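Engineer: Supplied in structure tokens, the structure appears directly below.
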């Protein structure tokens with residue numbers, strides 16, 4: 001799973017700016033505040049791991065879309 005999650009390192013390593021996690025009633029969503037686009041990861045376990053890594057790397061978690 002780590003190798004798969006590493007493919008999403010652009011979300012937290014600064015190569016692409018604007019990525020945040022939006023908390024919703026349905027769960028958490030990965031969203032780019034600069035481009036106003038969401039990122040869908042269809043594998044739920046992988047999505048959860050990527051969001052966990054975003055948290056560990058200090059990405060913002062918001063309660064609404066900026």
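Engineer: Percent antiparallel among DSSP beta bridges with both residues in the chain, to the nearest 5?
Structural biologist: Just about 80 percent of them are antiparallel.
Engineer: How far apart, in nm, are the 7 Å Cα→Cβ label points at residue 63 and residue 26?
Structural biologist: 2.1 nm
Engineer: Follow-up question, since we're still on this one. By what distance, in whole Å, do the Cα atoms of the chain stretch along each of the three principal axes, largest value first?
Structural biologist: Dimensions of the chain along the principal axes of its Cα atoms: 31, 27, 19 Å.
Bear in mind that the values in this text are calculations on the coordinates, not laboratory data. Given the structure is predicted, the values throughout are model-derived calculations rather than measurements. In this analysis, Cβ positions are derived from the backbone assuming ideal geometry, glycine residues included, and neighbour counts consider all displayed protein chains.
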